[in-house]
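Worksheet for the structure shown next.
The values are calculated or read from the model by the stated rules, or taken from the named source; none is laboratory data. Note that the structure is predicted; figures quoted are calculated from it, not measured. Here the Cβ positions follow ideal geometry from the backbone for every residue, glycine too, while neighbour counts run over all protein chains shown.
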Amino acid sequence: MLFSTLLLPLFLSLLSVADAHSHRLNKRLPSPSWHHARDHPVHALFRRDPGDDGQDYPDVGTPEWSSKYPNGPPDVTKMPAGWSNALKAAVSAGKIPNIPVSSSPGNVNPTYPAGHDPNGPEICSSTYKCRGQGEIWDGPDGTFGLGFDDGPLPPSGRLYDFLREHNETPTDFMIGLYILQNSQMFLQAVDDEHDIAVHTWTHPYMTTQTNEQVVAQLGWTMQIIHDSTGGRIPKYWRPPYGDSDNRVRAIAKEIFGLECIIWNQDTEDWSLTTNGTTPQAINASMTHWLTGPKSPGLIILEHELSDQSVQAFIDAYPVIVQNGWKIESVAQLANATNPSAYRNAPGTGDGPVTAGDILAPTPQTTTSATSSSSAT
């Protein structure tokens with residue numbers, strides 16, 4: 001009887017933890033929903049009002065949910081007309097520089113046509129380490145910007161569990177197609193209150209994309225995040241391979257209000273699975289950076305791409321703590337006056353709108369227009 005009395009609370013506790021974990025992965029959207037007022041800059045592109053806003057938000061992970069999004073590289077002729085119209089307006093207003101699209105044969109660093117200097121003021125390619133206006137490369141002194149690229153993927157689960165156990169909040173720069181394919185892992189990140197940011201839909205070199213393709217890559221990623229998180233509008237994005245230029249920056253900012261976060265150190269942990277680097281090499285680099293000067297703060301490129309890259313961070317974590325770094329989600333340290341990963345965060349004037357602000361439902365439409373700029 002004593003044996004049963006002692007073990008019953010433990011057994012019930014374990015059941016509670018298991019049930020909470022199951023509930024966390026399978027619940028519907030976060031609550032309450034995040035709305036934005038009618039004069040919000042992105043309201044026309046990502047509407048969400050109390051009650052019936054004319055849109056259907058099926059449960060994340062269901063066939064009805066997944067059917068709404070591209071299952072590969074986005075077709076620019078099938079993106080919402082609002083996105084295309086916003087691009088046309090920005091181009092007509094002269095807000096999008098007429099910079100030629102780069103080329104990247106063999107998946108190498110993009111190059112531009114002769115006569116176009118990637119480090120010059122016309123292009124300012126971040127691939128070539130030119131720091132564009134408004135881009136974030138460094139953290140505040142003494143801070144370690146916590147963020148991971150390329151999720152959500154199966155290895156992400158171990159990383160998310162580790163971060164939750166240590167009460168750390170990261171920024172997850174997520175690939176839209178991977179959200180579609182790993183919906184339950186995505187919900188774990190959302191439920192753990194990670195900051196969700198944009199890493200494009202299919203991870204291309206962005207300067208190799210036409211204006212319309214840039215819009216589709218960013219827009220569909222924002223759309224699936226918005227629809228699957230109760231209405232959150234990401235504020236930040238990171239270009240795959242760190243590849244951006246003045247044209248791509250302008251599209252991201254003018255159309256979607258996205259601010260770009262790069263990095264000032266690179267572990268190259270993405271290449272652990274291809275023998276491009278080793279755990280020993282990453283450990284040596286991390287130790288060197290973490291025991292060095294604290295100015296500027298560190299924003300280190302790390303990935304939730306493989307078990308090996310996750311382990312590389314777990315191995316480095318004690319060194320970060322022991323050397324007195326202030327660990328912050330990279331999206332939150334990017335703006336000290338408004339430390340939120342979302343443009344419509346509560347408390348920024350874009351909280352839930354009142355019943356009087358509800359607009360008549362506007363159905364989504366698509367466009368067949370494909371050319372709105374001279375950058376092809």
Residue that is modelled with the highest pLDDT [pool: residues in region 297-355 that are more than 28 Å from Tyr241 (Cβ to Cβ) and of a type in the set (Ser, Thr, Tyr)]
Thr337
For region 283-316, how many residues meet the condition of being surrounded by 17 or more Cβ atoms within 10 Å (Cβ to Cβ) and under 24 Å from the mean Cα position of the chain (by Cα)?
18
How many residues does region 160-196 contain that are crowded, with 24+ Cβ neighbours inside 10 Å and among the small types (Gly, Ala, Ser)?
2
Residue check: is Gly157 small (Gly, Ala, Ser), crowded, with 20+ Cβ neighbours inside 10 Å and closer than 28 Å to Gln308 by Cα?
no
Residue identified as in contact (Cβ under 8 Å) with a residue 12 or more places away in the chain, more than 18 Å from Lys253 (Cβ to Cβ) and either assigned to a strand (DSSP E or B) or under 26 Å from the mean Cα position of the chain (by Cα) (or both) among Val101, Val108:
Val101
Going through region 66-90 one residue at a time, which ones are of a type in the set (Gly, Ala, Ser) and either surrounded by 18 or more Cβ atoms within 10 Å (Cβ to Cβ) or in a loop (DSSP other than H, G, I, E, B) (or both)?
Ser67, Gly72, Gly82, Ser84, Ala86, Ala90
Residue selected from region 222-247 under the condition within 21 Å of Val101 (Cα to Cα) and in contact with a Gly (Cβ under 9 Å, 6 or more places away or on another chain), by the criterion surrounded by the fewest Cβ atoms within 10 Å (Cβ to Cβ):
Asn246
Report whether or not His226 is within 25 Å of Phe313 (Cβ to Cβ) and either at pLDDT 95 or above or under 12 Å from the mean Cα position of the chain (by Cα) (or both).
no
What pairs come up if the first residue lies in region 122-150 and is over 20 Å from Ser295 (Cα atoms), the second is among the hydroxyl-bearing types (Ser, Thr, Tyr) and buried (at least 17 other Cβ atoms within 10 Å of the Cβ), and their beta carbons are under 6 Å apart, counting only those six or more places apart or on different chains?
Ser126/Ser244
I'd like to verify a number: residues in region 176-198 that are touching an Asp or Glu at 6+ places or on another chain (Cβ under 6 Å) and in a loop (DSSP other than H, G, I, E, B), how many?
1
Could you figure out which of (1) of a type in the set (Lys, Arg); (2) within 23 Å of Gly176 (Cα to Cα); (3) over 16 Å from the mean Cα position of the chain (by Cα) isn't true of Arg232?
(3)
For region 49-76, the count of residues that are at pLDDT below 70 and either under 21 Å from the mean Cα position of the chain (by Cα) or not charged (D, E, K, R) (or both) equals 4
Taking the residues in region 91-109 that are small (Gly, Ala, Ser) and within 15 Å of Ser244 (Cβ to Cβ) as candidates, determine which candidate is surrounded by the most Cβ atoms within 10 Å (Cβ to Cβ).
Ser102
Scanning region 203-221 for residues that are in a helix (DSSP H, G or I) and among the polar types (S, T, N, Q), the one surrounded by the fewest Cβ atoms within 10 Å (Cβ to Cβ) turns out to be Thr208
Please work out if Gly139 is touching a helix residue (DSSP H, G or I) at 6+ places or on another chain (Cβ under 8 Å) and of a type outside the set (D, E, K, R).
yes
